[in-house]
Amino acid sequence: MRYIKVAWLHDYPRDPVLLYSEVGADGYETRKVELFRDGAMTFADEETEAGSTGLGEIPVPSLEEIAADTEERFVPEAITREEFERVWTQAHG
């Protein structure tokens, strides 16, 4: 597994500003948390989708590919499993 956090720099009031993903060996998300400007959190895993959050339908690109997106402003970084688990637990609050 790998774990990533992506800051999405935008002015869209209804879209998340932080995206946390647990990515399996096949490159697909297995769990995901989205954090919104107002502090709200939604999540998804292979069995559950909360709010507007769902798992991606294609493999997650590399951090370099995410950062190179010219249509959106993304700041990706690798995180630890422990950091992801903390956010996952918060989202289930």
Next on the checklist: Every residue in region 47-61 that is under 22 Å from Glu82 (Cβ atoms) and modelled with pLDDT of 95 or more, please.
Outcome noted: Leu55, Val60
Checklist outcome for this item: Across (1) crowded, with 18+ Cβ neighbours inside 10 Å; (2) modelled with pLDDT under 95, Thr70 clears everything bar (1)
Checklist entry - From the set of residues in region 15-40 that are surrounded by fewer than 16 Cβ atoms within 10 Å (Cβ to Cβ) and among the hydrophobic types (A, V, I, L, M, F, W, C), which is nearest to Asp69 (Cα to Cα)? => result Val17
Checklist entry - Does Ser52 count as over 13 Å from the mean Cα position of the chain (by Cα) and surrounded by 11 or more Cβ atoms within 10 Å (Cβ to Cβ)? => result no
Item to check | region 30-41, subset out of contact with any helix residue (DSSP H, G or I) (no Cβ under 7 Å at 6 or more places or on another chain) and of a type outside the set (D, E, K, R), residue farthest from Asp11 (Cα to Cα) | outcome: Thr30
Next on the checklist: With the structure loaded, tell me whether Thr42 is among the β-branched types (Val, Ile, Thr) and touching a Gly at 6+ places or on another chain (Cβ under 7 Å) or whether it fails that test.
Outcome noted: yes
Next on the checklist: Looking at Glu85, Glu72, can you tell me which residue is touching a residue at least 12 places away in the same chain (Cβ under 8 Å) and either over 16 Å from Tyr3 (Cβ atoms) or not β-branched (Val, Ile, Thr) (or both)?
Outcome noted: Glu72
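One line per residue, one yes/no per condition, for (1) surrounded by 14 or more Cβ atoms within 10 Å (Cβ to Cβ); (2) in contact with a Ser or Thr (Cβ under 8 Å, 6 or more places away or on another chain):
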| position | (1), (2) |
| --- | --- |
| Pro13 | no, no |
| Glu46 | no, yes |
| Val60 | yes, yes |
| Thr89 | no, no |
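The values are calculated or read from the model by the stated rules, or taken from the named source; none is laboratory data. Here the structure is a predicted model, which is why all the values come from computation and not from measurement. When we count neighbours, we look across all protein chains shown, and the Cβ atoms used for this are built from the backbone with ideal geometry, even at glycine.
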